[in-house]
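Here the structure comes first, spelled out in structure tokens, and everything after it is commentary.
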């Protein structure tokens, strides 16, 4: 990898998501060598991926070059690499661009879509965990509408205009809200020769409420908002199969759709070498202690979605969200410096800053520790928080301008099929 | 295609570039049915493609949904389609989505890269005529720098950091200027462990001056600007071959580079059915008369790059640029309405509004009819004109913000490898 060997200890971080970047920033001005590996050269602001899928934001405004985040920091090395194996016996990583040894290793590889072993769903459904996936979904939605124009078969046309979203978490809810607004504000103008009123948006949720990670009040209000937007919510229904046309469930319900978005679960993106039952728990996450250490090692850590840290409040592990990732990354930065200086590390405590989800124009639900509220003010807060956490002044400006424009004009202009999903010859 | 047959005459336009869109807009409120076919669902503002390739602008800010341009216009139909054949004997088009007949046909299919039959160059070089191509070039540039870090072979590393641009027209010149600024302002910060001073930027021009479509003064000044930016200009040199590593020329000169950008020529993107010597002239363009009519037909037209209209000032045909395309599109709109009402059409006259090119920060050359100037004011004018001709308020705002930001910060943040070109597994 052509990284010089220094007298400083070398800390290798796998993954440039919220946790990896927060950690690297903490270490950037210290007497350590930091090597960050990621298979993308950019950090993805995942909470806004659904806006890329629905044409509200351009992908470049929610991605940020990792090299730029850590520009001007000495002893920082980024490498575009896919880590294939961790060899804990000799402290080495095997990657597609060669081997690298480490003094300390931090696994921050995040999470990936969990299909729960259903290969048909994996094959035919759309995920929304990365920018390329979100662009694929954007293309598919637009291509389906173009195709809907071409058919005279009413059932086929409706299937092309229907959306089935599996999973009523924040991703599913926010996507459904955005699609409902597109249906109302854009489709009738873009496709005057289609009866887009027939387009149906469905959320299928296996549990008895959506946003189950939030308060019951938030769930109820979100359902109310979605229903007013015309979204159909199916609770206590589990999707069992999808063949590219028909969605089957564990009930009598079936849905005809050309677009199934799978937002029903994620699992840890484990890496060979730290896997197997010794290390892994529910959700394919690596078990870590209160210092984010991986069982059996002093010098190997895991942070963010991939790490399962159990606390009294979260006996199944902290939630797989941005906040625990950022907080763990920052604290591990401090702890690593302590460890190197042979000082005792500080146990991680999670500061729950609350959670929120938006459901279209002027509507959001917010759960803070002491205050739960919904509506317009929640929506403003949602926007403010997301702008605040975006990396980079330019990205914030561009996102802000787009939001103002989209709000005033009831529009989303980034509806370009730049990477065709169905008909790749039309690129 | 599922387009209803109306009592109005049907005008089919192939291509949603400058000419096609200008024409469609003219016809949009008239008693004609307009069907526009394009293999992209967006209009591309080609003059700014080089800024996408160099990370200065996001692709979505120079593309604009064609449906949105003609929203709210009755009798307008867009179809995402690739036209495979024109059948002039029965006034029908064959496309990948079926057949369509026309009363009037306008070919506005634009131009494509001209490799002059050199298949090795076609295979290994990069073109910059579409948004996907520009994104591929952006990825390749960034991937080459990532790869340069990995090699200890000095020659290989330099080849990865070198750029050879073939063709000294506006595209080549503007790209070279942008690359020179990246070399100076961004690479040293992004790649502190690479000696990016060794990166070389070459323009190879077969003629004896660059910007040969502009005044000699503009050429001389552009050369001066480029040389001050460290760009090497090789005149009277013709590239003969490229094997992915070494560029051969008709002289003793060779260049080692992993990035060859072919901006040495374009040719008309003809369509089967209107091809062959009867219709086609130099540059693979369709011969048209002063009404943009294709030889032998009253009801078939060609406009823009694909059309070769010879005038006393331009005996080889009007230049393949945005202005002739827009003007022809608009005038043909008026003429078609006259033709339908059996009134005489008006011959096209080209209003030469001048030409311009920018060569990086604060530097541009402008040739107006009565005034030729270079430098900062030319640069402001260049920006103003490009913002003015961009379609859409949001695009203008986003481009403007990016330019201001890039100018103040000496930066270009859209340097994300979203669609890997070399290592597609790293998406």
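No value in this document is a laboratory result; all are computed from the given coordinates. All values derive from a computational prediction rather than experimental measurement. Note: ideal-geometry Cβ built from the backbone for every residue, glycine included; neighbour counts use all protein chains shown.
Using the 2.2 N^0.38 Å rule of thumb for compact globular proteins, work out how the range B:346-415 stacks up: its C-alpha Rg over that value, please. Working shown, then result.
Values: Rg = 14.6 Å, N = 70, 2.2 N^0.38 = 11.1 Å.
Rounded to two decimals, the normalised Rg is 1.32.
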Rounded to one decimal in nm, the spacing of the 7 Å Cα→Cβ label points at residue A:154 and residue A:89 is 6.8 nm
For residue A:400, go 7 angstrom from Cα along the Cα-to-Cβ vector, then report the distances to that same point in the other copies in nm, smallest first.
1.5
Distances in nm, one decimal, shortest first, from residue B:152 to the same residue in every other copy, taking the label point 7 angstrom along Cα→Cβ.
7.1
Quick one, can you get me the convex hull of the C-alpha atoms of chain A expressed as volume per residue in Å³?
149 Å³
Place a point 7 Å from the Cα of residue B:241 along the Cα-to-Cβ direction; which residues of the range B:121-149 have their backbone N under 17 Å from it?
B:121-125
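For chain A, what does the helix formula give at 222 nm: sum of -39500 (n - 2.57) over DSSP H segments with n ≥ 4, over the residue count, nearest 500 deg cm²/dmol?
Numbers: 12 runs with 136 residues, N = 427.
Rounded to the nearest 500, it is -9500 deg cm²/dmol.
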Point-to-point label distance, residue B:8-residue A:297, nm (Cα→Cβ direction, 7 Å offset):
6.8 nm
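Can you work out the FRET efficiency for the pair residue A:289 and residue B:409, with r the C-beta to C-beta distance and R0 = 51 Å, to the nearest 0.05? Working shown, then result.
Numbers: r = 42 Å, r/R0 = 0.83.
According to the calculation, E is roughly 0.75.
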Calculated FRET value between residue A:122 and residue A:342, using beta carbons and R₀ = 56 Å, to 0.05:
0.75
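Work out how much length residue B:352 to residue B:228 would gain on full extension: take 0.36 nm times their residue separation and subtract the Cα-Cα distance, in nm to one decimal. The partial results should precede the final answer.
On the way: separation 124, 0.36 × 124 = 44.64 nm, distance 3.05 nm.
Separation in residues times 0.36 nm, less the Cα-Cα distance, equals 41.6 nm.
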Alpha-carbon radius of gyration plus Dmax, which is the widest Cα pair, for the range A:87-190 in Å
20.3, 64
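Please report the equivalent ellipsoid semi-axes of the range B:1-134, computed as sqrt(5 x eigenvalue) of the Cα gyration tensor, largest first, in whole Å.
Values: eigenvalues 174, 76, 23 Å².
Output for the range B:1-134: semi-axes of 29, 19, 11 Å.
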Quick one: if you stick a label point 7 Å off each Cα along the C-beta vector at residue B:195 and residue B:401, how many nm between them?
4.1 nm
Semi-axis lengths, Å, the range B:307-377, gyration tensor of Cα atoms, sqrt of 5 times eigenvalues
32, 13, 10
Between A:289, A:41, A:96, which gets the highest mean-square fluctuation from a Gaussian network model of chain A, Cα cutoff 10 Å?
A:96
Test of understanding: in a Gaussian network model of chain B with alpha carbons linked when under 10 Å, which of B:167, B:296, B:329 would top the mean-square fluctuation ranking?
B:296
I'd like the FRET efficiency for residue A:250 and residue B:82, computed as 1/(1 + (r/R0)^6) with the beta carbon distance as r and R0 of 60 Å, rounded to 0.05.
0.90
If we hang a label 7 Å off Cα along the beta carbon direction at residue A:224, how far is it from the matching labels on the other copies, in nm, shortest first?
7.1
How many angstrom lie between the Cα centre of the range B:186-258 and the Cα centre of the range A:11-62?
35 Å
Rounded to whole angstrom, how close does the nearest chain A beta-carbon get to the axis mapping A onto B, and which residue is it?
A:58, 2
Roughly speaking, what is the centre-to-centre gap between the range A:82-133 and the range B:68-124 when only Cα atoms are used, to the nearest Å?
43 Å
